[in-house]
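Taking it in order: structure first as structure tokens, then the write-up.
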Amino acid sequence: MSETPIFKSVRELGFRIKSRDISPVEVTKHFLDRLRKYGPEYNSVVTITADLALKQAKSAEDEIFKGEYKGPLHGIPYGAKDLLATSGGIPTTWGAKL
């Protein structure tokens with residue numbers, strides 16, 4: 001990716017993903033790198049699910065490249081606040097110290 005997506009709006013990222021100017025995998029890797037770099041300093045997240053995020057990004061990328069675009073959020077990575085009950089081995093702490 002020639003320019004950073006960090007200061008792009010979700011709308012612009014969605015348009016660029018739809019037009020195949022950038023890929024969901026590239027965007028996801030960029031944001032995961034930022035989480036790894038700044039997350040500990042800012043206590044940004046409780047759990048990083050990098051493997052799951054990359055798997056979902058690759059799936060979205062494959063669908064988009066096959067012409068199966070599902071809308072403006074398709075391929076956009078996001079983080080869920082630790083106030084949502086989760087499953088599949090992802091811990092939910094509701095902000096409590098473990």
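Since every read-out is calculated from the coordinates, none of them should be taken as a lab result. This is a predicted model, so every value here is computed, not measured. Here the Cβ is made from the backbone with ideal geometry for all residues, glycine too, and neighbour counts use every protein chain on show.
Can you give the calculated 222 nm mean residue ellipticity of the chain, where each DSSP H run of n ≥ 4 adds -39,500 (n - 2.57) and the sum is split over every residue, rounded to the nearest 500 deg cm²/dmol? Mind showing how you got there, number by number?
On the way: 3 runs with 44 residues, N = 98.
Mean residue ellipticity, 222 nm, calculated: -14500 deg cm²/dmol.
Sticking with the crude label model, points 7 Å out along Cα→Cβ, report the distance from Ala80 to Trp94 in nm, one decimal please.
Reported label-point gap for Ala80 and Trp94 is 1.6 nm.
Just round it to a whole percent: the fraction of Cα-Cα distances in the chain exceeding 23 Å. Don't jump to the answer; show the numbers that get you there.
Details: 1460 of 4753 pairs.
More than 23 Å apart: 31 percent of the Cα pairs in the chain.
Take every Cα-Cα pair in the range 15-62 and report what % of them are more than 13 Å apart.
On the way: 657 of 1128 pairs.
Percentage above 13 Å: 58.
Among all helices in the chain defined by DSSP H, which have a length of 24 Å or more along the axis from Cα atoms plus a Kyte-Doolittle mean of at least -1.0?
Sorted by number, the helices that extend far enough and score high enough are 24-42.
Note down the magnitude of the dipole of the chain about its Cα centre, charges +1 on Lys and Arg C-beta and -1 on Asp and Glu C-beta and zero elsewhere, to the nearest 20 debye. If you can, show how the numbers build up before the last one.
Values: 15 positive and 12 negative charges, 25 e Å.
The dipole of the chain has a size of about 120 debye.
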